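Heads up: the structure comes next, in structure tokens.
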């Protein structure tokens, strides 16, 4: 069997296991990416979640000696849910981003990548392979771009002609020297809708993101959310889809190819108040299978408190008061105290002053002061 025949067989096989798109790229170093990553590092635009070693991110041979090819795969995920629950005054709800609907995409893609590796090793036993999804050394987007999966959009997502940017990406580095595919020409043109719509101006310019301003990143942090971003959060409790939603290439794109990616509406759009008191066990049982749970429940609960403040939901005040008094976590106590100031009336001044007298943590005391100042400005 020739390598061309094997490539054709692999493409056909990939369709049978639920891979929506597959492409092949050379394993040469990503020199342009290296320049971009160094610039990001110098500007302080990195999130801290990336592989810290830039050489590993740009040189596949640092991950797999004698690397010759990188196989990139894409799986399309839904952009709409059927019968989404309504966000009512009686039951305020948060929202997980679309990439966190359904089963954790890391598990889904690893399953497909493992099957492709087995397929190749059955035919070429001496071949070597290394696969990765999202948290690996390589840049999924840079690989997908080189492999012809799509182009790198101004919103810093890979945009495919077939599925828009609503795709998960993964890759396999291999020693098998497949012929590479042709990259797709960038097609954003003069459009700047994603840059204009970004709630926090995190898209500095087309293709450049200041991760520290990005709501998708901010929802995953564990400390107090900086003041200037709290109003921007809205009811997002994990991730942000704004730059995808406004993209013309995503108009009408909604694919339901994979049953495991279908959202449970009560998980994708959960009621906010019950989140505040959910136990670790119940959180893991209900949300543990979605990618948005990877940082644990604290960031989700902090974001839920901010979302309730966004809605000025007075029904949340008793629970917030309880959290501000008793929760062992300073971030939750403090954010709850701030939210009481946003939601409450002058009656809540007494409560916040009581909290001020018993609180020992300086950061929490700062949040109590913020809450009191907000209440005083309502007079």
Got a sec? Which helices (runs of 4 or more DSSP H) wholly within region 120-229 have at least 1 residues that are free of Cβ contacts under 8 Å to residues at least 60 places away in the same chain and more than 18 Å from the chain's Cα centre (by Cα)? 140-146, 193-197
Per the list (1) surrounded by fewer than 22 Cβ atoms within 10 Å (Cβ to Cβ); (2) under 22 Å from residue 135 (Cβ atoms), residue check on residue 146 breaks on (1)
Please count how many residues of region 8-33 are exposed (fewer than 14 other Cβ atoms within 10 Å of the Cβ) and at positive phi. 0
Filter region 65-88 down to the residues that are more than 26 Å from the chain's Cα centre (by Cα) and crowded, with 18+ Cβ neighbours inside 10 Å and list them by number. 67, 68, 69
Within region 245-264, does at least one residue satisfy the condition of being assigned to a helix (DSSP H, G or I) and under 30 Å from residue 370 (Cα atoms)? no
Of 189, 239, 207, 252, the only residue that is at positive phi and surrounded by 18 or more Cβ atoms within 10 Å (Cβ to Cβ) is 239
Just to be sure before I move on: is residue 92 surrounded by 13 or more Cβ atoms within 10 Å (Cβ to Cβ) and over 23 Å from residue 145 (Cα atoms) in the structure I sent? yes
All but one of (1) buried (at least 22 other Cβ atoms within 10 Å of the Cβ); (2) closer than 16 Å to residue 103 by Cα hold for residue 294, so report the exception by its number. (1)
Subset of region 339-357 that is part of a helix (DSSP H, G or I) and out of contact with any helix residue (DSSP H, G or I) (no Cβ under 8 Å at 6 or more places or on another chain) - its residue that is surrounded by the fewest Cβ atoms within 10 Å (Cβ to Cβ): 357
Within region 10-26, how many residues are in contact (Cβ under 8 Å) with a residue 24 or more places away in the chain and assigned to a helix (DSSP H, G or I)? 3
Hey, any hits in region 121-130 for a residue that's outside the structural domain of residue 41 (by TED's automatic domain parsing), closer than 27 Å to residue 261 by Cβ and modelled with pLDDT of 95 or more? no
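The values are calculated or read from the model by the stated rules, or taken from the named source; none is laboratory data. As the structure is a computational prediction, the values presented were derived from the model and not from experiment. Neighbour counts are summed over all protein chains in view; Cβ atoms, including those assigned to glycine, are modelled from backbone coordinates with ideal geometry.
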